[in-house]
1. Which condition number does Asp370 fail, the rest of (1) within 30 Å of Ile55 (Cα to Cα); (2) surrounded by 10 or more Cβ atoms within 10 Å (Cβ to Cβ); (3) modelled with pLDDT of 80 or more being met?
2. I want to confirm something. Restricting to region 225-238 and keeping residues that are under 17 Å from the mean Cα position of the chain (by Cα) and not β-branched (Val, Ile, Thr), which single residue is most open to solvent (accessible area, probe 1.4 Å)?
3. Of all the residues that make up region 172-224, how many are more than 24 Å from Gly262 (Cβ to Cβ), open to solvent by 40 Å² or more (accessible area, probe 1.4 Å) and not hydrophobic (A, V, I, L, M, F, W, C)?
4. Could you check, for region 245-258, whether at least one of its residues is more than 14 Å from Asn160 (Cα to Cα), modelled with pLDDT under 90, surrounded by fewer than 19 Cβ atoms within 10 Å (Cβ to Cβ) and not hydroxyl-bearing (Ser, Thr, Tyr)?
5. Enumerate the pairs (first residue in region 380-401 and part of a helix (DSSP H, G or I); second residue anywhere and not basic (Lys, Arg)) with beta-carbon separation below 9 Å, excluding pairs fewer than 6 apart on the same chain, so at least 6 apart or on different chains.
6. Would you check if there is a residue in region 83-105 being farther than 30 Å from Leu51 by Cβ, crowded, with 18+ Cβ neighbours inside 10 Å, touching a Leu at 6+ places or on another chain (Cβ under 6 Å) and of a type outside the set (D, E, K, R)?
7. Looking at (1) modelled with pLDDT of 80 or more; (2) surrounded by 15 or more Cβ atoms within 10 Å (Cβ to Cβ); (3) closer than 20 Å to Ser170 by Cα, find the lone condition where Glu65 falls short.
8. Would you confirm, using the coordinates I've provided, whether Tyr80 is buried (at least 19 other Cβ atoms within 10 Å of the Cβ), at pLDDT 85 or above, among the aromatic types (Phe, Trp, Tyr) and more than 18 Å from Cys217 (Cα to Cα)?
Amino acid sequence: PYRSQLLRQAVFSANEEGGKSQDRILRRLQQLGVRTYVIPYTNIIDDTEELMLNILRVVSRESREKNLRQEPWEQACLLYRDRQGRLYNLSIKSRAVGIAANWASVMEKFSGLEAMVALTTMFRSIPCGSSAESDNLEPLFLAAILGLILHDELSLPWINIAIFVRGMPSIAAHSLTSKVGSDWLRKVIILILVLAAAASGEAQRIMALVGIMLACCVLLANLGARAWYFLKWRPLRTGNFFGPFIGFICAMLTGLFVPYMGFQDVDAGGKAAMEKVILSAFIVYICFLLSDFDEIQKFVVVGRQECDQEVVNVAFGFWWMITLLSSLLLVKEIPPYEQFPEEDEEPVLEEDQTSPVGFRVPDLPTFPIDPGLGKQGISLFSLRHELAFGIVMAFGLGILMIYLAFSDTDNEYHDIKFSDLS
């Protein structure tokens, strides 16, 4: 019988018999080679911190196991046992659900060719940083291109690095260990370019170049993270504090030297992958060649056509040769994709990015938890004290704002400050 069918039989028989027969599911999972973590019954309201600590321990161990084991595609599951001994798939809702759906969409629509064309054409803006003749640099059109056309190529770099480079088991694990948003870099890039469009002179040129260089770094990091995954390189063993930044640098360097390995369908291997790399490199070369014309340059970043492009052309020539040769040497090592599965490769679990370990047991119900709903707040004050403080703040600050609207106190204060400065 299929391995998944053996597991399903164990789940159905355990549900019919009840009681301690739930342990039969655990034994079957171990027999099938699935690493199984079980968190015992916990009062979610009173012991939220203990529950989250146990989940974080599992995430840390699973990330470590993913780095050490020979087969990075090996499966694991995290289960929760209730008071009656029944088993559930444990999942993280709220933060992980929306990010997981967005990440799946970005992975499907990501275009390595668009990222490389945008990357190489933006290289031409770098000489404008030292050119006094490019004061009319206007990056508003570039902000629209990056925000609309290249939305997927700039999105979610931290998640790509966490999953592909650092070996996080799932998006839920990343959301539990990460303290910052997953897509803030793309928003910062668009904001800088929009503000640069509103500025003028030296400030405009500097802000535009900062936004362009950040965009290039993110494009390289996303290409490098995908190349790391397609090449099946072992994840980095990094801590949670400096780990994201170390992973970002490693992904960016990978994208700098082997960007074509992050293209879609490169993992197919064989002649198909080789032809994909050669054709993509040729298209990138043609697009960069066309972007040397002033009439084309001014449609991307107005004013860039006035900058000296000789150094950029020389640097691109060397970089294009190095990246193509290194990608060809690596792509020939990828074996052709095998269409027929082997017996040992039959999946037992279902992939689930809302699980802290990335998989769930089929036919078992899900026990979702929201880490944000279990927070107890500051223990120094009671609920009544905080309510009284909120009421006083609402009346006090509200009345103060109304008073300032009908008085000249704020104007007198600002006049004093500005007169002192002058």
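1. (3)
2. At the first step, the residues of region 225-238 found to be under 17 Å from the mean Cα position of the chain (by Cα) are 225-230, 235-236, 238.
Applying the additional criterion that residues be not β-branched (Val, Ile, Thr) yields 225-230, 235-236.
Working: Ala225: 0, Arg226: 4, Ala227: 0, Trp228: 24, Tyr229: 118, Phe230: 19, Pro235: 21, Leu236: 41 Å².
This residue is Tyr229.
3. Of the residues in that region, 3 qualify.
4. Looking only at region 245-258, we keep the residues that are more than 14 Å from Asn160 (Cα to Cα), and these are 253, 256-258.
Those left that are additionally modelled with pLDDT under 90: none.
Scanning region 245-258, I find no residue that is more than 14 Å from Asn160 (Cα to Cα), modelled with pLDDT under 90, surrounded by fewer than 19 Cβ atoms within 10 Å (Cβ to Cβ) and not hydroxyl-bearing (Ser, Thr, Tyr), so the answer is no.
5. Short answer, once both residue conditions are applied: Leu383/Gly377; Glu386/Gly377; Glu386/Ile378; Phe389/Phe381.
6. No, region 83-105 has no match at all.
7. (1)
8. yes
The values are calculated or read from the model by the stated rules, or taken from the named source; none is laboratory data. Model, not experiment: these values are computed from the prediction. So basically every Cβ, Gly included, is an ideal-geometry build from the backbone, and we count neighbours across all protein chains shown. Accessible surface areas use protein heavy atoms only, side chains included; no ligands, DNA or RNA. Shrake-Rupley method; radii C 1.70, N 1.55, O 1.52, S 1.80 Å.
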